[in-house]
Amino acid sequence: MTDTQIFKKIFLFQDLLEEEVQKVLGLTALRTFPAGQVIIHEGEAGDSMFIMCQGEVEITKRLGLVLDEEAPRERIIVRLKAEEGVCFGEMALLENEPRSATVTALTECQLLEMGRENFLRLVQQNCEMGSKILLRLAQLLSRYLRKTNQDMVKLTTAMAIALGR
């Protein structure tokens, strides 16, 4: 699959014209990670996002409370495959905050990495294209927030039932 075909599957870039995709591609670096290697560590500083070209990753989140030694310390949130047209780490393009989860390569992965500085420069120098990407990014983050809210309602409902209230 060519890089431009990959970009057409990625939600953030679906509104871009071919020449705009080429500009974005020019800001990325191809990175290869072997199976088992951690790509992103939860809690560490992050300044780039990754676009999956090949492979499969697992995203995990540390558990806040571990009740005993045998209990797992992390929870698998999701598994992503390149052919699904996915990227991760996109929050790092907007803020200088610690990574919110750990991402580990399950198979050998080829990823395109885009740094925050390159992304912000692209948005500033190409207002129309930047608006397209930022709108998609806002929509994506809105989806994440909506899902988190739904999960919170389910969790609090389950807790209320478990506590008999």
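What number of residues in the range 35-53 are touching a helix residue (DSSP H, G or I) at 6+ places or on another chain (Cβ under 8 Å) and of a type in the set (A, V, I, L, M, F, W, C)?
Quick first cut of the range 35-53, residues touching a helix residue (DSSP H, G or I) at 6+ places or on another chain (Cβ under 8 Å) only: 46-49, 51-53.
Filter once more, so that each one left must be of a type in the set (A, V, I, L, M, F, W, C): 49, 51-53.
Of the residues in that region, 4 qualify.
Give the residues of the range 8-36 that are touching a Gly at 6+ places or on another chain (Cβ under 8 Å), closer than 15 Å to residue 86 by Cα, outside any loop (DSSP other than H, G, I, E, B) and not basic (Lys, Arg), sorted by residue number. The answer is 11, and nothing else.
Residue pairs whose Cβ atoms lie under 9 Å apart, separated by 6 or more positions or on different chains, with the first residue in the range 108-132 and under 30 Å from residue 38 (Cα atoms) and the second assigned to a helix (DSSP H, G or I) and among the hydroxyl-bearing types (Ser, Thr, Tyr), are 123/131. Taking the conditions (1) surrounded by fewer than 17 Cβ atoms within 10 Å (Cβ to Cβ); (2) touching a strand residue (DSSP E or B) at 6+ places or on another chain (Cβ under 9 Å) in turn, residue 127 satisfies each one other than (2).
Look at residue 123 and say whether it is modelled with pLDDT of 85 or more, under 22 Å from residue 28 (Cβ atoms) and in a helix (DSSP H, G or I). Explain how you work it out, then say what you get.
On the way: modelled with pLDDT of 85 or more: yes; under 22 Å from residue 28 (Cβ atoms): yes; in a helix (DSSP H, G or I): yes.
Here the answer is yes, as residue 123 does meet what is asked.
Taking the range 10-34 as the region of interest, how many residues are closer than 22 Å to residue 104 by Cβ and touching a helix residue (DSSP H, G or I) at 6+ places or on another chain (Cβ under 7 Å)?
To start, the set of residues in the range 10-34 that are closer than 22 Å to residue 104 by Cβ comprises 10, 28-34.
So of that shortlist, the ones also touching a helix residue (DSSP H, G or I) at 6+ places or on another chain (Cβ under 7 Å) come out as none.
Residues in the range 10-34 being closer than 22 Å to residue 104 by Cβ and touching a helix residue (DSSP H, G or I) at 6+ places or on another chain (Cβ under 7 Å): 0 in total.
The values are calculated or read from the model by the stated rules, or taken from the named source; none is laboratory data. None of these values were measured; they are calculated from a predicted model. In this analysis, Cβ positions are derived from the backbone assuming ideal geometry, glycine residues included, and neighbour counts consider all displayed protein chains.
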